[in-house]
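See below for the structure under consideration.
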Amino acid sequence: MRTTWTAISLGCAFLSVACSTPKDATGAGSVSGVLTISTPADADALIPPLVASTQGKQAVDLLFDMLAQPTAPIETVGDNGFRPQLATKWTWSADSMSIAFDIDPRARWHDGAPVRARDVAFSYALYVDPAVASPQASTFDGIDSVTVRDSLTAVVWWHARHPEQFFQVAYNLSIMPAHLLDTVARATLAQSSFASHPVGSGRYRFEQWTPRQALVFAADSANYRGRPQYARVLWSIAADPNAAALRVLAGEADVLESVRGDAYPRARAAANLQTVSYGSLDYAFMAFNFERSAGAARGLFTDRALRVALTQAVNRAAVVGNALDSLGNVALGPFTRAEPTVDTAMEQIAFDSAAAARTLDSLGWRVDAKSGVRSKQGRPLQFEVLVPSSSATRQRVAVLLQAQLRALGVQLDVAPVEPGVFFARLQKGDFDAALNMWRSDPSPRALRQVWGSPRGRDIGGNFGRYRSPTFDALLDSASRTFNAADRTQIFRSAYQQIVSDAPAIWLYEPRNVAVINRRVVPTGLRADAWWAEISSWHAGASTSSSKP
Amino acid sequence: MSHQRSRILSRVVHAAAVVTASVTLTFFAMRLVPGDPLELAAERAGRTASATDALRQQRGLNLPVSAQYVRYLSGIARGDLGTSIGNGQRVETLVAAAIRHSLLLGVAATVLATVLGVAVGSVEGWWATSRAARFSGDVLTALYAIPEFVLALALMFTLAYTFGWFPVGGVHDPILQYTGSAGDRLRDLLWHLVLPAVTLALGWGAAIARQQRRAVRDIVAEPFVRTAFAKGVPSTHVFLRHALRPSLPAIVASVGLMLPALVGGAVVVELIYSWPGVGSLLVQAIAARDYAVVNGAMLVVGIVVALGSLAADVLLYWLDPRVRAAHA
């Protein structure tokens, strides 16, 4: 009896203590000076060469400086689109084969040691060292070396000139402390003490990382670029995007980088929240497998006329409106509206079901009266589309595509598969079509790596194994053109080429809408890095901090 | 060696064999699942094929599976569970943190479920004709029938999001780590623990209540209970002094297995409430084909299950003299 009553009493005490937590001692923003970002995933690493995730990139960009910082919109040709950061100025050599960067003498690492040119050379060496196996190593292809002219001057050398030399090094090379890392074995960098307690020169310093829970940075009050406004930036890690959104809606976090689904109308209706649109570099598409050699779709997609007809059969505006409502635009191609080289008025394969039907008829695909599915010499016009089961949006889009194509007599079977299986089958080419999504790079040169003809085992994002010497040649030519206007024109020709070739049905470009507490005044949300100017964000005039 | 000690030793050896078998099965099963962990990571990162090959060699993933298994077992013997493919952190660090959270949630849920289940089941079984007792039993049964994720979402949406009585997820408010006292942090932790623990406790509590009700009803029919009533002992006294204890062994086995089940099996609740336990760690590691983390987590879960089962046996042995007599 005594035991039972004791247990009941303990339970009540637990509940009463738990429920008595004062509300104002918790929750983001209720303590001034802390900016809380709700994120659906943890950082994968805090050492720049090891970072592969967006969350990791967000973290290292606050901790570590670059030689120069891009302004918005990003200009990848030349150096006009950059302002000094770690480097106070830079000097091109007469032949443009090298750039000398003068390091700010005031710059200090968070442990107080001065930043030197040696750190720049060391950082480059770390990125390209095969023992580190950095996923970003290939971004520095074409750079010959980085040398030290004197303690405050680092010189970057190239094998050959190209228009994006400055962008290549200033945008991608995070500068790390040689004096703390040069004795660490490269192969075990991820397990070093630096990996869990990094030291940078950025306006925020590392404070704490509780994996799967929170990542905390504190303002570097003595920073050479000035103290940032917020005393702390805190990433509150949720289990998934819905949980991350709920934290902001419930007032437990200040920032959600991109809202989806029914969280969007809730955010718009909330008096204490603001929605901020910014550019997107993401696009979704249904890729056709050109090299499918087995199954119902073997050799099907090598016929351009068929691919064009399938594209014409899809009312993409309706699909996007249905699946994403106002949170998406119809994709233009393997590029987005945020990229300056893109012409939004470019010619597209328009929705025209009548033309699609005529084309399929002319190709010999006749509608079977009984089944309603087109066939040719006994072979039905049927194929399967792989969809990752983790994406509710893409599953919805797949069903919409199925209905639209069925109306034309095309049998599309939707196969949701676990993401690991999805990517494994894409890599092996074991699919007919696949609903994929890709994030493009600010540099249009990257399109060559993603959609260029496969080079051996490196297929980039070109899982459908699309090959077009014309497209490759246009991209190569554009990448070597220094004149901005000519370069843009050639890139646009390349874009038009791939859109006309229809290696995929370009479906949608999600709109990025951040949800931010009205207490926060955000600045400089770039399409490629909404977090780029966080150190300049500040708290606005006092507004309601309670939930609506 | 006494009979008791040899019995315990035999149980320990048996548990070790079960854990070894579970780890071996997991090891090979993960290699059968489609998807290469480095290809998955490379796809996201844009790493070239040759760089991926170099990394595969560095991690020993180019070796035959049998060689990888031997390497893994020798690592366990040295206390080295490897590093995560995802973030490079030591597996033991990741799993230790996860197990702490799972144990905290599991213990809280087990205690709540046991108290709730024993209380409601006992009352229902003893005062079977009482309307209030039947009603409480029906409510618990209804809760038992509701899928766990529905219950979790309902509680979160109403009590956390709409009314703001509890946080929507997480383990604690990270800001309080800097601004709060130790007492504040403890209260904050408990505040975050309430909803996930209650979600789990409601379902398990209903199951325990059903078992307890049956056990108590069986005892009501026993001669010693009738004798106690015949002697004029008050009903409540008969229940608490004579009926409650004999009814408990029936649920000890369930409770003994509940904690281990919660440690690795509360995935849905962990994901919904962003509680960083072993279940969600396993799910995320399996999705990423993070072999080392999956193996490490399964090893720990296996050990916890084995220990939980052993503890249940010991408790039963202590609680029920008939069991002691049978093994004497």
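For A:S174, the criteria (1) farther than 24 Å from A:R445 by Cβ; (2) in contact with a Leu (Cβ under 9 Å, 6 or more places away or on another chain); (3) not basic (K, R) hold in every case but one, which is (1).
A quick yes/no check of all residues on (1) under 27 Å from B:A266 (Cα atoms); (2) modelled with pLDDT of 85 or more:
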| site | (1), (2) |
| --- | --- |
| B:V65 | no, yes |
| B:G86 | yes, no |
| B:Q89 | yes, yes |
| B:L105 | yes, yes |
| B:V111 | yes, yes |
| B:V118 | yes, yes |
| B:A128 | no, no |
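Somewhere in segment A:353-374, is a residue closer than 30 Å to A:D441 by Cβ and surrounded by 16 or more Cβ atoms within 10 Å (Cβ to Cβ)? Checking segment A:353-374: not a single residue is closer than 30 Å to A:D441 by Cβ and surrounded by 16 or more Cβ atoms within 10 Å (Cβ to Cβ). Answer yes or no as to whether A:F140 is over 22 Å from A:A446 (Cβ atoms), aromatic (F, W, Y) and out of contact with any strand residue (DSSP E or B) (no Cβ under 6 Å at 6 or more places or on another chain). In short, no. Look at (1) more than 14 Å from every other protein chain (Cβ to nearest Cβ); (2) out of contact with any strand residue (DSSP E or B) (no Cβ under 8 Å at 6 or more places or on another chain); (3) within 23 Å of A:E347 (Cβ to Cβ) and you find that A:I498 fails only one, number (2).
If I filter segment B:231-245 down to residues being crowded, with 19+ Cβ neighbours inside 10 Å and touching a helix residue (DSSP H, G or I) at 6+ places or on another chain (Cβ under 6 Å), which single residue comes out as nearest to the other protein chains (Cβ to nearest Cβ)? This residue is B:F239.
Count of segment B:58-98 residues, restricted to those that are crowded, with 20+ Cβ neighbours inside 10 Å, more than 23 Å from B:G170 (Cα to Cα) and of a type in the set (S, T, N, Q), is 1. Is it the case that A:F422 is outside any helix (DSSP H, G or I), buried (at least 18 other Cβ atoms within 10 Å of the Cβ) and within 13 Å of chain B (Cβ to nearest Cβ)? Answer is no for this residue. Here A:G378 meets the list (1) away from chain B (no Cβ under 14 Å); (2) modelled with pLDDT of 95 or more almost entirely, failing just condition (2). Can you find even one residue in segment A:127-149 that is at pLDDT 95 or above, within 30 Å of B:S280 (Cα to Cα) and within 14 Å of another protein chain (Cβ to nearest Cβ)? Scanning segment A:127-149 turns up no residue that is at pLDDT 95 or above, within 30 Å of B:S280 (Cα to Cα) and within 14 Å of another protein chain (Cβ to nearest Cβ).
Remark: B:L40 matches the filter, which requires a residue to be aliphatic (A, V, I, L, M) and either within 22 Å of A:G461 (Cα to Cα) or assigned to a helix (DSSP H, G or I) (or both). Residues of segment A:282-316 that are of a type in the set (G, A, S) and either in a loop (DSSP other than H, G, I, E, B) or closer than 23 Å to A:R439 by Cβ (or both): A:A284, A:A287, A:S293, A:A294, A:G295, A:A296, A:A297, A:G299, A:A313.
Restricting B:R217, B:R213, B:R226, B:R289 to those that are closer than 25 Å to B:Y69 by Cβ and among the basic types (K, R) reduces the list to B:R289. Checked against the criteria, A:D254 counts as touching a Gly at 6+ places or on another chain (Cβ under 7 Å) and within 12 Å of chain B (Cβ to nearest Cβ). Applying the criterion of at least 2 residues that are closer than 26 Å to B:N295 by Cβ, among the hydroxyl-bearing types (S, T, Y) and away from chain A (no Cβ under 11 Å) to the helices (runs of 4 or more DSSP H) found wholly in segment B:52-164 leaves B:65-77.
So which of A:A271, A:A294, A:A309, A:A287 ends up being crowded, with 22+ Cβ neighbours inside 10 Å, over 29 Å from the mean Cα position of the chain (by Cα) and not charged (D, E, K, R)?
A:A309
Please work out if B:A297 is part of a helix (DSSP H, G or I), in contact with a strand residue (DSSP E or B) (Cβ under 7 Å, 6 or more places away or on another chain) and more than 11 Å from every other protein chain (Cβ to nearest Cβ). When the stated conditions are applied, B:A297 does not pass them. Within segment A:245-281, restricting attention to residues that are hydroxyl-bearing (S, T, Y) and either in a loop (DSSP other than H, G, I, E, B) or in contact with a His (Cβ under 9 Å, 6 or more places away or on another chain) (or both), which residue is nearest to A:S391 (Cα to Cα)? It comes out as A:S258.
Taken over segment A:432-473, residues that are surrounded by 18 or more Cβ atoms within 10 Å (Cβ to Cβ), at pLDDT 95 or above and assigned to a helix (DSSP H, G or I) amount to 1.
For segment A:198-241, a tally of residues being farther than 18 Å from A:W531 by Cα, within 13 Å of chain B (Cβ to nearest Cβ) and without any contact (Cβ under 8 Å) to a residue 24 or more places away in the chain returns 2.
Scan segment B:1-46 for residues that are modelled with pLDDT of 75 or more, among the polar types (S, T, N, Q) and farther than 14 Å from B:V301 by Cβ and report the count.
3
The values are calculated or read from the model by the stated rules, or taken from the named source; none is laboratory data. Remember, predicted model here, so these are calculated numbers, not experimental data. Methodologically, a virtual Cβ is constructed for each residue, glycine included, from the backbone with ideal geometry; neighbour enumeration extends over all protein chains shown.
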